[in-house]
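All of the numbers you see were taken from the coordinates with simple rules; none came from a lab. Only a predicted model underlies this, so the values are computations on that prediction, with no experimental measurement involved. Cβ atoms come from the backbone with ideal geometry, glycine included; neighbour counts cover every protein chain shown.
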Amino acid sequence: MLIGRVIGDVVATLKAPSHEGRKILVVQPLHLDGSERGEPLLALDAVDAGFGDQVLLTVEGFAAMTAVERPNSPIDAAVIGVIDAVELVQDRP
């Protein structure tokens with residue numbers, strides 16, 4: 001799983017039947033400190049996330065298609081949660 005920020009969405013006039021009724025979001029993966037990590041990717045939305053939301057993302061096909069309840073679908077990534085806060089705890093001596 002990764003964290004990311006929704007930076008846009010994709011408008012498609014024609015989708016595979018397995019994708020109908022779901023938003024396709026453009027998500028920028030993030031490091032835990034909030035800095036950008038790699039290139040943006042496309043993910044099917046399972047939680048009604050929106051622009052600017054920090055989200056939890058799965059990037060493994062089986063987990064993604066299971067999360068959006070679309071078995072045997074061509075899905076690589078899915079937004080599976082909206083993050084309220086990330087708290088990093090320092091190691092204690």
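Close amide H partners of I80, meaning residues 5 or more places away or on another chain with modelled amide H under 5 Å apart, are L56, L57, T58.
When shorter helices are ignored and each DSSP H run of at least 4 residues is given -39500 (n - 2.57), the per-residue value for the chain at 222 nm works out to -2000 deg cm²/dmol. Per-residue 3J(HN,Hα) values for the stretch 11-25, derived from phi via the Karplus relation 6.51 cos²θ - 1.76 cosθ + 1.60 with θ = phi - 60°, read 9, 10, 6, 9, 10, 4, x, 5, 9, 4, x, 10, 7, 10, 9 Hz in sequence order (x marks Gly and Pro).
Placing +1 on the Cβ of every Lys and Arg and -1 on the Cβ of every Asp and Glu, with no other charges, gives the stretch 44-93 a dipole of roughly 120 debye about its Cα centre. As a rough guide to protection, the peptides 25-32, 4-11 ranked by mean Cβ packing within 10 Å, highest first, stand as 25-32, 4-11.
Assuming charge only on the beta carbon of Lys and Arg (+1) and of Asp and Glu (-1), the dipole of the stretch 13-63 about its Cα centre is about 180 debye to the nearest 20.
Going through (i) 17, 48, 25, 7, 2, 0; (ii) 16, 44, 21, 12, 6, 1; (iii) 17, 57, 25, 1, the figure that equals P(r) over Cα pairs in 10 Å bins from 0, in percent as computed for the structure here is (i). Under the convention that each Lys and Arg Cβ holds +1 and each Asp and Glu Cβ holds -1, the size of the dipole of the chain around its Cα centre is about 200 debye.
Roughly what % of DSSP beta bridges within the chain run antiparallel, to the nearest 5?
Around 90 percent antiparallel, to the nearest 5.
Projecting the Cα atoms of A64, I3, V86 onto the charge dipole of the chain, computed from C-beta unit charges around the Cα centre, puts A64 farthest toward the positive end. Along the positive direction of the dipole of the chain (beta-carbon charges: Lys, Arg +1; Asp, Glu -1; about the Cα centre), which of F51, L32, S18 reaches farthest? So the residue we want is S18.
Stretching E87 away from R37 to a fully extended chain increases their span by 16.2 nm, per 0.36 nm per residue minus the current alpha-carbon distance.
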